[in-house]
Amino acid sequence: MASFDVVNQNNEKAGSVELAPEIFSAKVRRHLYHAEVLRQLAVRRQGTHSTKNRAGVSGGGAKPYRQKGTGRARQGTTRAPQWAGGGVVFGPVPRTYGFKLPKKMRRAALVSALSECAAAGALIIVEELEAAEYKTKAVAGILSALGVAGEKVLVVTDDAKPMLEASLRNLPGVSLVRAEGLNVYDVLRHSKLVMTKAALSALEARLVARKDEVDPT
């Protein structure tokens with residue numbers, strides 16, 4: 001890929017970088033998005049839902065009435081499902097919803113999302129992003145200068161930036177993630193991707209495939 005302009009916080013050109021073609025010019029495989037997003041959302045589910053079956057509810061140790069002679073159907077316990085207060089049949093139990101996908105598939109999905117983002121002109125590389133104080137208005141001014149005010153923006157940094165993270169927190173539609181945690185779901189649900197130069201280097205170190213790796217088709 002040709003050189004990509006790097007801007008400062010005032011949206012003035014501050015240099016250029018060469019984007020790794022393996023990440024930002026790769027073949028877009030949209031069919032991988034669904035599987036990876038589904039995996040991410042499944043992992044986030046708590047899975048703590050629970051109900052009691054007939055063995056878990058209290059009471060019901062004796063037959064409610066005698067076996068014969070009443071004209072009614074025989075019953076062994078009042079904790080059976082058809083009784084009020086009885087156990088639940090096939091109710092939900094605590095479980096883990098997460099599942100695994102091959103690493104190469106997950107990498108290919110993220111690379112596809114980044115390549116599509118770059119091709120659409122939604123990528124902005126910033127020399128550095130810093131907040132001088134805990135003030136949302138100041139950070140909103142930076143985003144306005146970058147031309148992304150009012151849009152859904154994903155900010156990517158290389159390490160922890162407490163002031164920046166706290167200042168961005170109150171801006172609707174704006175999220176911040178570190179390069180090590182950049183994922184398909186966050187990229188797809190934002191219309192703009194603002195990335196620092198240091199985060200770009202960290203991302204390339206994370207995603208550039210080794211020579212013995214082959215992307216899934």
DSSP bridge pairs, the chain: antiparallel proportion in percent, nearest 5: 25
Projected label distance in nm at residue 128 and residue 14, using a 7 Å step from Cα toward the beta-carbon: 0.7
If I stretch the segment between residue 82 and residue 99 completely, what's the gain in nm (0.36 nm per residue apart, minus their alpha carbon distance), one decimal? 2.6 nm
Dipole of segment 1-91, positive end: most advanced residue of 14, 73, 87 [Cβ charges, Cα centre]: 73
Can you return the aspartates and glutamates within cross-link range of residue 197? Criterion is Cα-Cα under 16 Å, with same-chain partners fewer than 8 residues away left out. 5, 12, 18, 127, 128, 130, 158, 159, 180
What is segment 55-151's relative contact order, in percent, from Cα pairs under 8 angstrom and six or more apart in sequence? 14
Note the full-extension length gain between residue 51 and residue 120 as 0.36 nm times their separation in residues minus their Cα-Cα distance, in nm to one decimal. 20.0 nm
Please compare each pair in 13/135; 27/161; 103/161; 13/161; 52/100 to a cut-off of 27 Å on the Cα-Cα distance and tell me which ones are over it. 27/161; 103/161; 52/100
If you count, for each residue, the other Cβ atoms within 10 Å and average over each peptide, how do 138-148, 163-173, 78-88 line up from highest to lowest? 138-148, 163-173, 78-88
Which FRET efficiency value, to the nearest 0.05, do you get for residue 159 and residue 31 by plugging their Cβ-Cβ distance into 1/(1 + (r/R0)^6) with R0 = 30 Å? 0.35
I want the local charge near residue 74. Using Cβ-Cβ distances under 14 Å, sum +1 for each Lys or Arg and -1 for each Asp or Glu among the other residues. +4
Listing 161, 63 from the residue with the fewest other Cβ atoms within 10 Å to the one with the most, what is the order? 63, 161
Simple spin-label model, 7 Å along Cα-to-Cβ: residue 43 to residue 68 in nm? 6.3
Kindly list the residues of segment 5-30 that lie in the label zone of residue 136, defined by a backbone N under 16 Å from the point 7 Å along the Cα-to-C-beta vector. none
Calculated from DSSP helices alone, with each H run of at least 4 adding -39500 (n - 2.57) and the total divided by the residues of the chain, [θ]222 nm to the nearest 500 comes to -9000 deg cm²/dmol
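Taken together, the values in this text are just the output of simple stated rules run on the coordinates, not laboratory data. The model shown is predicted, which means the values in this text are computed figures rather than measured ones. Every residue, glycine as well, gets a Cβ built from its backbone with ideal geometry; the counts of neighbours run over all protein chains shown.
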